[in-house]
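Structure first, commentary second.
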Amino acid sequence: TKESVIAYLMEETGEKDNMIMVGDTIYDVMGAKSLGIPCIGVSWGYGETQDMVQAGAVGIAYSMQELLSMLRG
């Protein structure tokens, strides 16, 4: 599951407080959310942006430049 992949990365890095998931499906958003990690959705993948927003994405990036700006905060 997406949740188990994210949990594995959290264990390997020990950086939960400094993580953000970037994903293109509702499953990315839900997996991150279940582990307390924010997720930014991207519009150029397989999923629907509205589904990612409803699942709790903290934002949707519509370009790489916009994603970079969101990640920089």
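The values are calculated or read from the model by the stated rules, or taken from the named source; none is laboratory data. Bear in mind the structure is a predicted one, so any value in this text is a computation, not a measurement. Cβ coordinates were reconstructed from backbone atoms using ideal geometry, including for glycine residues, and neighbour counts include every protein chain displayed. Please note that ligands, DNA and RNA were not included when accessible areas were found on the heavy atoms of the full protein model with its side chains. Shrake-Rupley method; radii C 1.70, N 1.55, O 1.52, S 1.80 Å.
Residue check: is Met30 of a type in the set (A, V, I, L, M, F, W, C) and surrounded by fewer than 11 Cβ atoms within 10 Å (Cβ to Cβ)?
Details: of a type in the set (A, V, I, L, M, F, W, C): yes; surrounded by fewer than 11 Cβ atoms within 10 Å (Cβ to Cβ): no.
Considered against the rule, which asks whether it is of a type in the set (A, V, I, L, M, F, W, C) and surrounded by fewer than 11 Cβ atoms within 10 Å (Cβ to Cβ), Met30 comes out as no.
Say we look at the range 60-69 and pick out the residues that are out of contact with any Leu (no Cβ under 6 Å at 6 or more places or on another chain) and surrounded by 15 or more Cβ atoms within 10 Å (Cβ to Cβ); which of these is farthest from Asp28 (Cα to Cα)?
Per the criteria, the residue is Glu66.
If you go through the range 10-21 one residue at a time, do you hit one that is open to solvent by 50 Å² or more (accessible area, probe 1.4 Å) and either modelled with pLDDT of 95 or more or under 20 Å from Glu66 (Cα atoms) (or both)? Spell out how you get there, then give the answer.
Applying the first criterion (open to solvent by 50 Å² or more (accessible area, probe 1.4 Å)) to the range 10-21 yields 11-18, 20.
So of that shortlist, the ones also either modelled with pLDDT of 95 or more or under 20 Å from Glu66 (Cα atoms) (or both) come out as 18, 20.
Scanning the range 10-21, I find at least one residue that is open to solvent by 50 Å² or more (accessible area, probe 1.4 Å) and either modelled with pLDDT of 95 or more or under 20 Å from Glu66 (Cα atoms) (or both), so the answer is yes.
Among the candidates Tyr8, Tyr46, Tyr27, Tyr62, which residue alone is touching a residue at least 24 places away in the same chain (Cβ under 8 Å) and among the aromatic types (Phe, Trp, Tyr)?
Values: Tyr8 fails: touching a residue at least 24 places away in the same chain (Cβ under 8 Å); Tyr46 fails: touching a residue at least 24 places away in the same chain (Cβ under 8 Å); Tyr62 fails: touching a residue at least 24 places away in the same chain (Cβ under 8 Å).
Answer to the selection: Tyr27.
Considering only residues that are closer than 21 Å to Asp17 by Cβ and open to solvent by less than 70 Å² (accessible area, probe 1.4 Å), which ones fall in the range 42-59?
In the first step, residues of the range 42-59 are kept if they are closer than 21 Å to Asp17 by Cβ; the result is 56-59.
Correct list: Gly56, Ala57, Gly59.
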